[in-house]
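> Next up is a structure, given as structure tokens.
The values are calculated or read from the model by the stated rules, or taken from the named source; none is laboratory data. Source: prediction; values computed, not measured. Cβ placement follows ideal geometry from the backbone for every residue including glycine, while neighbour counts extend to all protein chains displayed. SASA here: full protein model, heavy atoms, side chains in, ligands and nucleic acids out. Shrake-Rupley method; radii C 1.70, N 1.55, O 1.52, S 1.80 Å.
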Amino acid sequence: MGGLLTAILLGRAGISTLVIEKKIYPFHKVCGEYISNEVTSYLHSIGLFPLEFSPPKINRLQISSNGGKINEIALPMGGFGISRFRLDHFWYLKALESGVKFKLDTSASSILYKNGLTKVLTNQGTSFEAQVVIGAFGKRSLMDKHLNRSFMRDKSGYVGIKYHIKHPWEPGLIALHGFDHGYCGISMIEEEKLNLCYLINRSYLRKHGDIDSLEKNVLSQNPFLAPILASSERLFTKPLVINEISFAPKKVIENHILMIGDAAGMITPLCGNGMAMAIHSAKILAPKVTRFFQQKSYVREQMEDDYKMEWHRKFSRRLLAGRYLQSLFHHKLAAEVLVQVTRIPYLAQWMVRQTHGVEL
Ligand SMILES: Cc1cc2nc3c(=O)[nH]c(=O)nc-3n(C[C@H](O)[C@H](O)[C@H](O)COP(=O)(O)OP(=O)(O)OC[C@H]3O[C@@H](n4cnc5c(N)ncnc54)[C@H](O)[C@@H]3O)c2cc1C
């Protein structure tokens with residue numbers, strides 16, 4: 001999504017832009033599909049808010065623990081819910097309108113930087129040369145392996161599982177239900193569907209063999225989650241699964257590739273603002289790339305330094321807060337205490353503020 005937005009902004013600035021995407025739009029993604037309102041006014045201002053899908057507004061967080069504790073807090077900034085299936089496709093069409101070219105169903109497999117030009121090779125045997133290459137390949141990609149990025153050696157991987165359901169629900173509510181070694185988010189998206197998405201330590205899925213038994217034996221121990229899992233109508237034939245999610249720090253620039261979104265650093269889903277960060281990073285990167293093309297005196301080193309500095313200023317602290325909060329949620333006792341702590345309004349709001357940015 002960070003790649004689509006950057007491409008739209010560059011296309012609108014008249015810069016010849018190509019997106020290499022390994023899938024074909026529209027497609028589903030493992031994602032909680034709750035977007036923080038920190039990006040809402042910005043999306044309206046550039047005509048990219050998905051108004052036609054009437055995304056529900058979300059402004060209350062319900063948080064529960066395995067031990068049966070539950071609490072609800074207001075989300076002062078709030079957000080909205082929309083599936084990636086709809087949103088990414090909507091932006092893909094906007095990108096085409098902005099003159100962006102696409103190579104779909106194509107994976108970027110390696111890159112070579114030489115004398116100010118980068119050659120990108122694909123799994124189709126084709127190659128493309130560009131003055132600027134942006135790494136928008138998400139949390140874990142073939143490109144990370146090719147670049148030998150250090151987080152690829154991080155073995156503390158998580159698994160993300162997602163599907164859509166139908167179940168009675170209050171549109172303004174997002175629930176975060178903790179369970180042994182994981183947590184599950186539920187919130188409304190378009191057409192009154194619900195997104196159900198959870199994160200769990202990889203070893204737990206292995207231990208329980210399959211998703212059905214994991215949900216019956218682990219997730220259903222949470223008394224608030226059990227009835228939803230047992231009685232909701234499932235809208236996917238089978239859940240989407242992604243493996244080996246790492247929240248380890250990453251470099252913002254590698255081999256002159258300017259990373260955005262999850263490729264630059266992934267915030268824990270618990271915070272519900274990875275998409276806002278992808279959008280935000282596109283917003284800060286696109287004008288710098290535009291300036292690089294339009295102003296001769298604005299050289300590559302300056303563009304890279306400016307971006308790196310602004311990225312760290314905007315995101316480093318919240319990534320750290322997210323990592324810390326997630327480690328608490330994965331710990332049985334700490335998760336119980338965390339739910340109790342959210343009963344203190346000042347502390348609850350403080351925690352939300354630490355992991356969120358301000359309006360763009
Ligand atoms: C379980 C879970 C729940 C989450 N819930 C939320 C939430 O509720 N709210 C929120 O804001 N964030 C959430 N997030 C985070 C959010 O999904 C990401 O932060 C966001 O998608 C990042 O956008 P991106 O543009 O960096 O990457 P992506 O949106 O992942 O896009 C990367 C794209 O690159 C393509 N690609 C990858 N490798 C290649 C290659 N080699 N060649 C060509 N194409 C390639 C992929 O197909 C994909 O389309 C969640 C994440 C997880 C794991």
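> Of the residues that make up the stretch 162-181, is at least one closer than 17 Å to SER246 by Cα, modelled with pLDDT under 90 and in contact with a Leu (Cβ under 7 Å, 6 or more places away or on another chain)?
no
> Take LEU229 and decide whether it is open to solvent by less than 60 Å² (accessible area, probe 1.4 Å) and more than 21 Å from SER327 (Cα to Cα). Spell out the reasoning first.
Values: open to solvent by less than 60 Å² (accessible area, probe 1.4 Å): yes; more than 21 Å from SER327 (Cα to Cα): yes.
When the stated conditions are applied, LEU229 passes them.
> Among the residues of the stretch 134-150, which ones are more than 29 Å from PHE236 (Cβ to Cβ) and either assigned to a helix (DSSP H, G or I) or within 14 Å of the chain's Cα centre (by Cα) (or both)?
Within the stretch 134-150, the first condition is being more than 29 Å from PHE236 (Cβ to Cβ), and the residues that meet it are 134-135, 146-150.
The answer is HIS146, SER150.
> Among residues belonging to the stretch 243-264 that are of a type outside the set (Lys, Arg), modelled with pLDDT of 95 or more and within 24 Å of SER327 (Cα to Cα), point out the one that is surrounded by the most Cβ atoms within 10 Å (Cβ to Cβ).
Once the filter is applied, the top-ranked residue is ALA263.
> Next question, about the same structure. For the stretch 24-68, what are the residues that are over 21 Å from VAL339 (Cα atoms) and touching a Gly at 6+ places or on another chain (Cβ under 7 Å)?
VAL30, GLU33, ILE35, SER36, ASN37, GLU38, PRO55, PRO56, LYS57
> Let me ask something additional. Take HIS164 and tell me if it is touching a residue at least 60 places away in the same chain (Cβ under 8 Å), part of a helix (DSSP H, G or I) and either under 20 Å from LEU194 (Cα atoms) or open to solvent by 30 Å² or more (accessible area, probe 1.4 Å) (or both). Steps first, answer last, please.
Details: touching a residue at least 60 places away in the same chain (Cβ under 8 Å): yes; part of a helix (DSSP H, G or I): no; either under 20 Å from LEU194 (Cα atoms) or open to solvent by 30 Å² or more (accessible area, probe 1.4 Å) (or both): yes.
So HIS164 fails the test.
> What tally of residues in the stretch 284-314 results from selecting those that are within 16 Å of the ligand (Cβ to nearest atom) and closer than 25 Å to PHE151 by Cα?
The qualifying residues number 5.
> For the list (1) under 23 Å from the mean Cα position of the chain (by Cα); (2) at negative phi, I need the number of the one condition that GLU192 fails.
(2)
> In the stretch 195-215, which residues are touching a helix residue (DSSP H, G or I) at 6+ places or on another chain (Cβ under 9 Å) and either among the hydrophobic types (A, V, I, L, M, F, W, C) or in contact (Cβ under 8 Å) with a residue 12 or more places away in the chain (or both)? Steps first, answer last, please.
Step one: of the stretch 195-215, the residues touching a helix residue (DSSP H, G or I) at 6+ places or on another chain (Cβ under 9 Å) are 196-200, 204-205, 207-208, 211, 214-215.
Correct list: LEU196, CYS197, TYR198, LEU199, ILE200, TYR204, LEU205, ILE211, LEU214, GLU215.
> Does SER297 qualify as being farther than 23 Å from MET1 by Cβ and of a type in the set (Gly, Ala, Ser)?
Numbers: farther than 23 Å from MET1 by Cβ: yes; of a type in the set (Gly, Ala, Ser): yes.
Criteria met by SER297.
> Report, by residue number, each residue of the stretch 91-122 that is within 14 Å of HIS146 (Cα to Cα) and open to solvent by less than 50 Å² (accessible area, probe 1.4 Å). Working first, answer last.
Of the residues in the stretch 91-122, the ones within 14 Å of HIS146 (Cα to Cα) are 107-113, 119-122.
Scanning the stretch 91-122 gives SER107, ALA108, SER109, SER110, ILE111, VAL120, THR122.
> Of all residues in the stretch 16-32, which are near the ligand (Cβ under 6 Å from one of its atoms) and aliphatic (A, V, I, L, M)?
Listed by number, the residues that qualify are ILE20, VAL30.
> Then there is this: Filter the stretch 33-50 down to the residues that are open to solvent by 30 Å² or more (accessible area, probe 1.4 Å) and under 19 Å from LEU75 (Cα atoms), then identify the one that is farthest from the ligand (Cβ to nearest atom).
The selected residue is SER41.
> Among the residues that make up the stretch 102-115, is at least one of them modelled with pLDDT under 95 and either part of a loop (DSSP other than H, G, I, E, B) or small (Gly, Ala, Ser) (or both)?
So far as the stretch 102-115 goes, yes, one or more of its residues are modelled with pLDDT under 95 and either part of a loop (DSSP other than H, G, I, E, B) or small (Gly, Ala, Ser) (or both).
Residues are listed down the side, and each one gets a yes or a no for (1) surrounded by fewer than 19 Cβ atoms within 10 Å (Cβ to Cβ); (2) within 14 Å of the ligand (Cβ to nearest atom); (3) of a type in the set (S, T, N, Q); (4) over 22 Å from LEU325 (Cβ atoms):
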| residue | (1), (2), (3), (4) |
| --- | --- |
| GLN124 | yes, yes, yes, yes |
| VAL133 | no, yes, no, yes |
| ALA136 | no, yes, no, yes |
| ASP154 | yes, no, no, no |
| ILE174 | no, yes, no, no |
| CYS184 | no, yes, no, no |
| ARG202 | yes, yes, no, no |
| GLU215 | no, no, no, yes |
| VAL218 | no, no, no, no |
